[in-house]
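Student: Have a look at this one.
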Amino acid sequence: MLSLVGIGGAGCRIVDAFYKKEPFSSILSKFSHTKEDITGVAIDTSSDSLTSLRNIPMENRVLIGKSRAKGHGTGASVELGRKIVNEELELAMNTIRKVNRDKPDFFFVIAGIGGGTGTGGAGIIADRLKKYYNTPVFGVIILPSLGEGTHYMKNAYSGFINLSKNFDGVLVQDNNVLTNRGEDITTSRKIITTSTVRFFNTAEAHEISQAVKGKVAGFGYMRVKNESMSAKDAIQKLIRDKMYINLDNAKPEEFYLILRGNLNSFYGENFAREWIKNKYDAGLNIRMKDASGSKNLDIATMVTGIENIFNVEEETNIEKEKSIPPDLEDLLSDIQSL
């Protein structure tokens with residue numbers, strides 16, 4: 001069994017999506033490929049965020065910071081988010097304990113970073129889970145778009161560096177990749193939410209754990225109909241279209257292809273390994289589980305070795321702007337728009 005803990009708006013939305021009822025079954029209760037039991041908890045400082053969730057049971061939702069945030073969120077204040085989670089950690093843990101009557105094999109703490117609650121609280125939650133359950137805790141981190149503002153990007157940059165130390169391994173997706181392709185932020189969030197749910201539908205928790213333990217990894221998912229497809233075409237399409245992370249400044253160590261479904265028309269694994277070696281100087285690990293008669297082939301991917309996902313120019317600009325107070329930053333933004 002694995003347990004999901006969403007902290008902040010983005011994390012809660014993703015956990016909520018795992019509870020969405022499908023026409024024939026609940027994604028959450030039994031995954032079509034992984035067959036793993038999954039539980040979820042949503043924790044936030046915004047009452048509107050929690051009430052907007054459509055699927056997760058009310059008893060699995062935790063509003064924290066009622067006295068400090070008044071149910072309105074943290075206003076992207078990481079310090080306030082950190083303070084609230086520290087003060088009300090046991091309130092959140094009480095719900096996590098009730099939902100997880102059996103000890104999970106793994107925890108995945110899911111958070112968008114850039115805002116205050118996810119950035120400030122995800123690491124605190126992770127540390128507490130590790131101490132209480134003595135089980136691996138991985139992070140699923142969603143990076144903001146530049147369009148959300150430099151304050152969010154500064155929070156994300158410093159938050160990512162700190163959060164990486166709190167988890168046993170980190171999975172990452174980046175809204176910026178999608179908005180750079182022309183998607184608006186609302187659409188980007190929906191795409192990343194769907195991709196995350198389907199990734200966990202395809203890759204088993206122990207496979208994820210083995211790949212990303214002690215590392216930072218990008219991940220993605222795609223489904224193809226029963227048609228002839230080479231391993232090289234699959235990994236190339238995943239990297240180009242379905243893995244929302246920028247590899248330009250990364251030094252990939254290992255790529256993973258995890259396939260579930262009808263494998264009759266899948267071929268060319270050795271050629272794909274050679275292609276990855278020549279292009280990225282990295283390895284390619286392919287894991288396959290045949291489901292003869294299936295109409296589709298579900299493919300999950302991971303790539304490790306992406307710790308340096310912020311490029312030098314972004315880091316330099318962020319460091320320069322750290323000294324600008326948020327109020328002055330907003331004023332300067334207003335002036336620039338005149």
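Student: Does ARG54 satisfy being under 20 Å from GLY159 (Cα atoms) and within 21 Å of the chain's Cα centre (by Cα)?
Tutor: no
Student: Restricting attention to the range 158-184, which residues are in a loop (DSSP other than H, G, I, E, B), in contact (Cβ under 8 Å) with a residue 60 or more places away in the chain and of a type in the set (Phe, Trp, Tyr)?
Tutor: none
Student: Also, I was wondering about something else. Assess whether ARG68 counts as being assigned by TED's automatic domain parsing to the domain that holds THR196, charged (D, E, K, R) and at pLDDT below 95.
Tutor: So ARG68 passes the test.
Student: To continue, here is another question. Can you tell me which condition GLU227 does not meet? The list is (1) assigned to a helix (DSSP H, G or I); (2) among the charged types (D, E, K, R); (3) assigned by TED's automatic domain parsing to the domain that holds TYR244, and all the others hold.
Tutor: Result: GLU227 fails condition (1) only.
Student: Just the residues that are under 22 Å from ILE161 (Cα atoms) and of a type in the set (A, V, I, L, M), please, taken from the range 191-235.
Tutor: Residues satisfying the conditions are ILE192, ILE208, ALA211, VAL212, VAL216, ALA217.
Student: Okay, next question. Within the range 236-281, which residues are modelled with pLDDT of 95 or more and aromatic (Phe, Trp, Tyr)?
Tutor: Matches in the range 236-281: TYR244, PHE255, TYR256, TYR267, PHE271, TRP275, TYR280.
Student: Can I ask one more? Determine whether the range 73-83 contains at least one residue that is under 21 Å from ASN155 (Cβ atoms), surrounded by 22 or more Cβ atoms within 10 Å (Cβ to Cβ), touching a Lys or Arg at 6+ places or on another chain (Cβ under 6 Å) and in the same structural domain as ASN155 (by TED's automatic domain parsing).
Tutor: no
Student: Let me ask another. Are any of the residues in the range 259-270 buried (at least 17 other Cβ atoms within 10 Å of the Cβ), charged (D, E, K, R) and either assigned to a strand (DSSP E or B) or in the same structural domain as ALA17 (by TED's automatic domain parsing) (or both)?
Tutor: Yes; the residues of the range 259-270 include at least one that is buried (at least 17 other Cβ atoms within 10 Å of the Cβ), charged (D, E, K, R) and either assigned to a strand (DSSP E or B) or in the same structural domain as ALA17 (by TED's automatic domain parsing) (or both).
Student: Considering only residues that are crowded, with 20+ Cβ neighbours inside 10 Å, among the small types (Gly, Ala, Ser) and at negative phi, which ones fall in the range 38-66?
Tutor: Result: GLY40, ALA42, SER46, SER49.
Student: Go through (1) of a type outside the set (S, T, N, Q); (2) modelled with pLDDT under 95; (3) closer than 19 Å to GLY283 by Cα for MET229 and report which single condition fails.
Tutor: Evaluating MET229 over (1) of a type outside the set (S, T, N, Q); (2) modelled with pLDDT under 95; (3) closer than 19 Å to GLY283 by Cα leaves (3) as the failure.
Student: Tell me, yes or no, whether the range 129-141 has at least one residue that is over 18 Å from VAL62 (Cα atoms), among the small types (Gly, Ala, Ser) and part of a loop (DSSP other than H, G, I, E, B).
Tutor: No, the conditions are met nowhere in the range 129-141.
The values are calculated or read from the model by the stated rules, or taken from the named source; none is laboratory data. Small disclaimer: the values here were computed from a predicted structure and weren't measured. For neighbour counting, all protein chains shown are included, and Cβ atoms are generated from backbone atoms with ideal geometry for every residue, glycine included.
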